[in-house]
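Read the structure below first, then the notes.
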Amino acid sequence: MTVIAVVDYGMGNLRSVRKALEHVGNGAVVEVTSAPERILRADRVVLPGVGAIGDCMNELHRLELVEALREAAGSKPFLGVCLGMQALLDFSEENQGVDCLGVLPGKARRFPAELTTDAGLKVPHMGWNGVLQQGRHPLWRGIADNSRFYFVHSYYVEPAEAALAAGVTRYGFDFAAVVARGNVFATQFHPEKSQRAGLDLLANFVRWDGSV
Amino acid sequence: MSLAKRIIPCLDVDNGRVVKGVQFVDIRDAGDPVEIARQYDAHGADEITFLDITASSQERETMVHVVEQVAGEVFIPLTVGGGIRTVADIRRMLNAGADKVAINTAAVSRPEFVAEAAERFGSQCIVVALDAKRVSKEGEPLRWEVFTHGGRRETGLDAVAWSQRMVANGAGEILLTSMDRDGTKQGFDVELTRAISDASGVPVIASGGVGNLQHLVDGVQLGRADAVLAASIFHFGEYTIEEAKDYMAAQGIEVRR
């Protein structure tokens, strides 16, 4: 039976993530944990998160999770969600600049103020927006292109290589709603809050062997 | 495709039961928040808001259980308001599965509470509920003030300035209720909605006064609301969420289907 570790570093609606995984998991064991050895032992790992990146990275360091997460992200199916996606990058502009896990090349940037002043778009980007799939990926299986997912964020991900973007969303401009490489898939939106499409994506993750 | 305007049904919950119940199809227990939430989810609600109107603080714990049960079955965003006064209250609701909390009276009595909450949990989950009443006289420039305690207590605070202060403190969204329109079925106060939406820069949920589907359209097109919240038109089966979305889409508003 597959064991999914949901990383608990004191931030985020872990209960929702766990419940959604259990809902689609077909008997998968979902462990909410902050123990590095459990993350290393699990078959797959979810790094969720809401809040600010400074607190997130501080907690990951304090709980000595950084090395375990880097190792897991290099070896098994790994899903980052929202702040958990941004934490996988090299760097975030939030909180006067924070070094992140460096699993994927790129950085998180604040939505520019002109988005609101010129285009009248609100920040945070909050609600249901379409995601254009960039090529095929096992986690997109059975999900219609341009399906809507639930977003809530003020920072967006700018991957260092355009090819890392596995999904693109338009909010004044096009940004990477998903970045993926090898066994790592990370979403800016919340699949656990995105009803059918989100649950389908999580179901695909639970079945995924990490290859593309 | 762009960001969809949201439709949010709102349920008043008293000691774990939905007040007055709902009367749309397929409901076995009209007071069960879990079953009602499941139905609204199936009908295409974009989020669900629960307002806890439980009077006694001892019974507040029942709301936590309601949220836990709903969040275990309904995978769309959930907001909880009513009685949110401390960081511990917020943590309890978020841990139970709520995505956002709405802070109302506590924001007025202690504005720095909003800053503390946003600092600790992030702006994305901090909604400030703003109840406003029109105070300008006929012929004067429009002006609204913030009221608390269901519109009974005046604060003297200018609603537009207050919304900006709350955003500066870290509010990620504003749930704006017109106390003049609430319960009247005469439509949103679209001037109020527009004033707050233009001034605040964060998403605004319009609330108070919805009587028909054109009111939802007006809230978005005239009021520039990012989301519309309604209770009775959905609860009593006058319209379904699908009908509301069809109507809005026919008027050129982007909705999730």
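I'm trying to understand the selection: among the residues of region B:63-105, which are of a type in the set (Gly, Ala, Ser) and touching a Gly at 6+ places or on another chain (Cβ under 9 Å)?
Step one: list which residues in region B:63-105 are of a type in the set (Gly, Ala, Ser), which gives B:71-72, B:81-83, B:88, B:96-98, B:102.
Result: B:71, B:72, B:97, B:102.
Which of the following residues is away from chain B (no Cβ under 14 Å), surrounded by fewer than 17 Cβ atoms within 10 Å (Cβ to Cβ) and at pLDDT 95 or above: A:7, A:3, A:46? Steps first, please.
Numbers: A:7 fails: surrounded by fewer than 17 Cβ atoms within 10 Å (Cβ to Cβ); A:46 fails: surrounded by fewer than 17 Cβ atoms within 10 Å (Cβ to Cβ).
None of the other options fit; the residue is A:3.
Of the residues B:206, B:171, B:195, B:249, only one is in a helix (DSSP H, G or I), out of contact with any Lys or Arg (no Cβ under 8 Å at 6 or more places or on another chain) and either small (Gly, Ala, Ser) or within 25 Å of residue A:113 (Cα to Cα) (or both); which?
Working: B:206 fails: in a helix (DSSP H, G or I); B:171 fails: in a helix (DSSP H, G or I); B:249 fails: out of contact with any Lys or Arg (no Cβ under 8 Å at 6 or more places or on another chain).
Going through B:206, B:171, B:195, B:249 in turn, just one is in a helix (DSSP H, G or I), out of contact with any Lys or Arg (no Cβ under 8 Å at 6 or more places or on another chain) and either small (Gly, Ala, Ser) or within 25 Å of residue A:113 (Cα to Cα) (or both): B:195.
Name the single residue, out of those in region B:210-234 being at pLDDT below 95 and either buried (at least 23 other Cβ atoms within 10 Å of the Cβ) or within 14 Å of chain A (Cβ to nearest Cβ) (or both), that is farthest from residue B:23 (Cα to Cα).
Within region B:210-234, the match that is farthest from residue B:23 (Cα to Cα) is B:230.
For residue B:82, only one of the following conditions fails: (1) over 27 Å from residue B:37 (Cα atoms); (2) away from chain A (no Cβ under 14 Å). What is its number?
Only one criterion in (1) over 27 Å from residue B:37 (Cα atoms); (2) away from chain A (no Cβ under 14 Å) is unmet by residue B:82, namely (1).
To keep it simple, each residue is scored yes or no on (1) surrounded by 15 or more Cβ atoms within 10 Å (Cβ to Cβ); (2) touching a residue at least 60 places away in the same chain (Cβ under 8 Å); (3) within 30 Å of residue B:199 (Cβ to Cβ).
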residue	(1), (2), (3)
A:68	yes, no, no
A:73	yes, yes, no
A:84	yes, yes, no
A:92	yes, yes, yes
A:100	yes, no, no
A:109	yes, no, yes
A:139	yes, yes, no
A:147	yes, no, no
A:150	yes, no, yes
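If a residue has to be in contact with a Gly (Cβ under 8 Å, 6 or more places away or on another chain) and at negative phi to count, how many in region A:87-111 make the cut?
Number satisfying all stated conditions: 9.
When you scan region A:120-147, how many residues do you find that are farther than 16 Å from residue A:202 by Cβ and within 11 Å of chain B (Cβ to nearest Cβ)?
14
Just one of the numbered conditions (1) in a loop (DSSP other than H, G, I, E, B); (2) at pLDDT 95 or above is not true of residue B:1; which one?
Failed condition: (2).
I'm told residue A:184 meets every condition in (1) within 14 Å of another protein chain (Cβ to nearest Cβ); (2) under 13 Å from the mean Cα position of the chain (by Cα) except one. Can you identify the failing condition by its number?
(1)
The values are calculated or read from the model by the stated rules, or taken from the named source; none is laboratory data. On a predicted model such as this, the values are computed, not experimentally measured, just so you know. Positions of Cβ are backbone-derived with ideal geometry, glycine not excepted, and every protein chain shown enters the neighbour counts.
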